[in-house]
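Here's the structure, in structure tokens; my notes come after.
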Amino acid sequence: EEARKTGWRSLRENAWQNARSCYLKVLESSDRIAEAWVGLGAIYHERGELTSALDAYKKAVAECPTCTEAQLNVAILLQKQGRTREALPFLRAAVQGSPNNTRARYQLAFTLASLDDPGSALQETRRLVLSEPRFAPAYFLQALIYRAMTRPREATAAFRRALELQPKFAEAHYQFYRHLKTTGDAALARHHAIQFLHHSTKDHIAEVAM
């Protein structure tokens, strides 16, 4: 138990070697094996050792098939490797095991949208906003899905809701700007372009500034 607590504390402090040693001790002497594998997976993940991280998280899932954190991290790492369709069963398992886990359901919705299943993705975002009605990224994802489905009125409403909840959401301002350019509302598009430039620190600046 002490090794587990020390490992978790070291992990939060970025003391990777100490955390790894502690979790290895847990594997040797404890019945909390899944938790130790999750901890080791987090260490490898932070260090960029993605193959080792994926292996550790999969071992955690094998020990604890209902462990949402392990399922979710397996899915995220598979997606980083371009294996999005392989990630889907792990995301579904994560949501099934923890239906109110915002991160898991959002990731499932995002993945379904990326796999060209907008209907299922939209359904997941609706479930998400029922449990987390003030979670701006869910409305933003809804807006992108509606836009892809050529449903501009619903897209506009979803963009507005996302920005109402999170006014400094730079990417939402940018995507709303792009959406408004296609609907012909030039004045409002300009407003959101300016808001994007005001809040953004990275992408798309050259395009909007033109």
**Rg ratio (alpha-carbon, reference 2.2 N^0.38 Å) - the stretch 57-210** = 1.14
**Asked** For a paramagnetic label modelled at 7 Å from the Cα of residue 166 toward its Cβ, which residues of the stretch 117-143 fall within the zone defined by backbone nitrogen distances under 20 Å?
**Response** 121-143
**Lys, Arg +1 and Asp, Glu -1 on Cβ, resulting dipole of the stretch 84-180 about Cα centre, debye, nearest 20** = 220 debye
**Fill in**
Rg (one decimal) and Dmax (whole number) from the Cα set of the stretch 52-133, in Å, equal 12.3, 37
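Rule-based calculations on the coordinates, nothing more; no lab input. If you're wondering where the values come from, they're calculated on a predicted model, not measured in any experiment. Every residue, glycine as well, gets a Cβ built from its backbone with ideal geometry; the counts of neighbours run over all protein chains shown.
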